[in-house]
Structures are given as C-alpha cells and as structure tokens.
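Chemist: Take a look at the following structure, please.
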Amino acid sequence: MQSKYFSVFLLTLLSMLAFAANSLLCRVALKSDAIDPASFAAIRLMSGAAMLVVVMRLRGVSPTTSGGWVPAFWLAAYAAAFSFAYVSLPAGVGALLLFGSVQATMVGTSLWRGERLSARQWLGLVVAMGGLVALLLPGLSAPPLGSAVLMMAAGVGWGAYSLHGKKSLNAGATTAGNFLRSVPFAVLLVVVCVTQLSVSSTGVAYAVCSGAITSGLGYIVWYTVLPHLRSSAAATVQLSVPLLAAIGGTLLLGEAWTQRLSWTGLAILGGIALVVVAPKRLTRA
C-alpha cells in the first residue's frame, strides 16, 4: 500500500515538473535566440503528436478516431501565443499569467452557462483577479504588457481546450488525436511567419524536448495518475506549476524573484485554490 502511495506521489511530481519545464524550455530557447517562436510552437506540436501517436499505438489505440478539429485549433492557438509571449516574459511570470487565465476562462464559462459560485468561491475569484491586475500594473518589475496579453490569450486557448476535454472518455487517446490534428495549424503558422524563421539545432532540441517529453509524455503520466487522485487534490497540486516554473527560472535562468511576483503570485494561486478546492465547486442556478 505504501509503495502505491509513493508511486502516485512520484508520478504526480514528475508530471508537475514536466508542465513547469515547458515554460523553462520555451523561455531559454527564445531568450538565447536559438529558435523563433513560430518554429518552437510548430515543432513542439509536431513532436508531441508523434510521441502521443506512438504511445497510443503501443496501447493498441488509434488516435485518429479520437479528438476533434475545434479543440485542435485551441491547442494550436495556445501553443502559438505561449511561444510568442515567452520572447519577453520571465518563466515564472508567464506561468502565473497562463494559469490564472486558464482558470478565469473555465470559471467564466461555467458562470455564463448558468452555474453559480459559493461565497467562498466568489472571494477566491476576486482575490485571484486582483492579483492578476496587480501583477500587470505599471512599474519597474511589471511584465511587458504585449507579452502579458499574449500569455493571457494562451490561457484562454488552453482553458477552451480543457473545456472540450471534459467530454472525453479516454483522455490519452483524445489528447493524441487533438495533437495530431493540430499539425496542419502548426504548418500554417510556419508558413505565415516564414520570413521570420530562425532555427538552430539547439533550438530544435529544446522544442522537441518540450513537445515529445514534457508535453507528450507529461500528459501521459498525468492522465495515468489522475484516476488515483481526488478532484480537490488534482486541482490543488496543479497550483504548484507556476511556483515550480518561478523557482526554475530563478535557479536555472537567473531570473529575478521580485516582491511583486511573490505577493501577486500568492493572491492568484490562493484565490484559485479557494475556487477549485471549495467543498462544492459549482452548483446549478
């Protein structure tokens, strides 16, 4: 029994590290001018699709029968905005903006569909949104506004993609199918940005690692461990991703850990925790 708990803990930790590593890989690749953002996004999607297809084939599942074109579009939109945002954003700030925007998109959609929040959840939503606003207020440590807007757009894309994923009966196969269908969008992105392409072997290595390992295998590990976690535990553990990205950015990329990041991060993640870990998350009006 103890070995089972340890395995769940280890797989959960590995998946959270993989998700945080996506921010670090993208940031270091673009910061060092090893690759342009369009190529990074395209290679990430293609290598992720290749890895997921291989894994599903080994499991005897055909990825072409799962997923859809609409979630594939949102996946590609997320990947593109994510990459262009990290041209200027620090890893931790980007992950924080992404995570906050994802949750805001999902909760906002639930409200629009007629669902209600409890008083505790409303408080959490207000605190989290206040943290996002404070993070973006002008000042010496404020992130570049254009890049911040792009990252929030990436969060909207991932939130929309996640909402489509809720209908899936086989998350792994659906993810593989969506990644596979995102490839044409990735090619289109490269064609549109063809005059700005700049690729090195190092940049390609970063992008492939982000797509095949920290995205493709990361999702496989996460979906493997997810059935063993309570919903509240799964929601809570994901709060660690922006923190892990910020720590990684400070230790590995030499990025500054500012007071603004500390306080706004606490407000955003604490507020989201009040929303997603509430005893009864959302109830119908």
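The values are calculated or read from the model by the stated rules, or taken from the named source; none is laboratory data. The structure displayed is predicted, hence computed values, not measured ones. Cβ: placed from backbone, ideal geometry, glycine included. Neighbour counts: every protein chain shown.
Chemist: I'd like to check something: does segment 248-257 contain any residue that is at pLDDT 80 or above, surrounded by 14 or more Cβ atoms within 10 Å (Cβ to Cβ), touching a helix residue (DSSP H, G or I) at 6+ places or on another chain (Cβ under 7 Å) and aliphatic (A, V, I, L, M)?
Modeler: Yes - at least one qualifying residue is present in segment 248-257.
Chemist: Further question: When you go through 203, 211, 177 one by one, which is the residue that is modelled with pLDDT under 95 and buried (at least 17 other Cβ atoms within 10 Å of the Cβ)?
Modeler: Every option except 177 fails the conditions.
Chemist: Only one of 80, 91 is modelled with pLDDT of 95 or more and closer than 24 Å to residue 198 by Cα. Can you tell me which? I'd like the intermediate steps shown before the answer.
Modeler: Numbers: 91 fails: modelled with pLDDT of 95 or more.
Of the residues listed, the single one that is modelled with pLDDT of 95 or more and closer than 24 Å to residue 198 by Cα is 80.
Chemist: Can you pull out every residue in segment 23-41 that is in a helix (DSSP H, G or I) and of a type outside the set (Lys, Arg)? Quick ask: steps written out before the conclusion?
Modeler: Residues of segment 23-41 that are in a helix (DSSP H, G or I), as a first pass: 23-31, 37-41.
Result: 23, 24, 25, 26, 28, 29, 30, 37, 38, 39, 40, 41.
Chemist: List every residue pair whose Cβ atoms lie under 9 Å apart, where the two residues are 6 or more positions apart in sequence or sit on different chains, the first residue falls within segment 201-219 and is free of Cβ contacts under 8 Å to residues at least 40 places away in the same chain, and the second residue, located anywhere, is buried (at least 21 other Cβ atoms within 10 Å of the Cβ) and in a helix (DSSP H, G or I).
Modeler: Pairs that qualify, where the first residue is free of Cβ contacts under 8 Å to residues at least 40 places away in the same chain and the partner is buried (at least 21 other Cβ atoms within 10 Å of the Cβ) and in a helix (DSSP H, G or I), are 205/29.
Chemist: Can you pull out every residue in segment 247-265 that is free of Cβ contacts under 8 Å to residues at least 40 places away in the same chain and not in a loop (DSSP other than H, G, I, E, B)?
Modeler: First, pick out the residues of segment 247-265 that are free of Cβ contacts under 8 Å to residues at least 40 places away in the same chain: 251, 254, 262.
Correct list: 251, 262.
Chemist: Okay, moving on. Got a number for residues in segment 42-72 being over 18 Å from residue 210 (Cα atoms), out of contact with any helix residue (DSSP H, G or I) (no Cβ under 6 Å at 6 or more places or on another chain), touching a residue at least 24 places away in the same chain (Cβ under 8 Å) and assigned to a helix (DSSP H, G or I)?
Modeler: 3
Yes or no, residue by residue, for (1) within 26 Å of residue 168 (Cβ to Cβ); (2) assigned to a loop (DSSP other than H, G, I, E, B); (3) in contact with a strand residue (DSSP E or B) (Cβ under 6 Å, 6 or more places away or on another chain); (4) charged (D, E, K, R):
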| position | (1), (2), (3), (4) |
| --- | --- |
| 180 | yes, no, no, no |
| 186 | yes, no, no, no |
| 195 | no, no, no, no |
| 203 | no, no, yes, no |
| 210 | yes, no, no, no |
| 214 | yes, no, no, no |
| 217 | yes, no, no, no |
| 222 | yes, no, no, no |
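Chemist: Can you find a residue that is under 17 Å from the mean Cα position of the chain (by Cα), farther than 30 Å from residue 62 by Cα and assigned to a helix (DSSP H, G or I) anywhere in segment 117-140?
Modeler: Step one: of segment 117-140, the residues under 17 Å from the mean Cα position of the chain (by Cα) are 132.
Pick out the ones that are also farther than 30 Å from residue 62 by Cα and you get 132.
Now restrict to residues that are assigned to a helix (DSSP H, G or I): 132.
There is at least one residue in segment 117-140 that is under 17 Å from the mean Cα position of the chain (by Cα), farther than 30 Å from residue 62 by Cα and assigned to a helix (DSSP H, G or I).
Chemist: Filter segment 1-41 down to the residues that are aliphatic (A, V, I, L, M) and free of Cβ contacts under 8 Å to residues at least 60 places away in the same chain, then identify the one that is farthest from residue 73 (Cα to Cα). Please lay out each step first, then the result.
Modeler: Residues of segment 1-41 that are aliphatic (A, V, I, L, M), as a first pass: 1, 8, 10-11, 13-14, 16-18, 20-21, 24-25, 28-30, 34-35, 38, 41.
If we keep only those that are free of Cβ contacts under 8 Å to residues at least 60 places away in the same chain as well, we get 1, 10, 13, 30.
On the way: 1: 42, 10: 32, 13: 29, 30: 23 Å.
My answer is 1.
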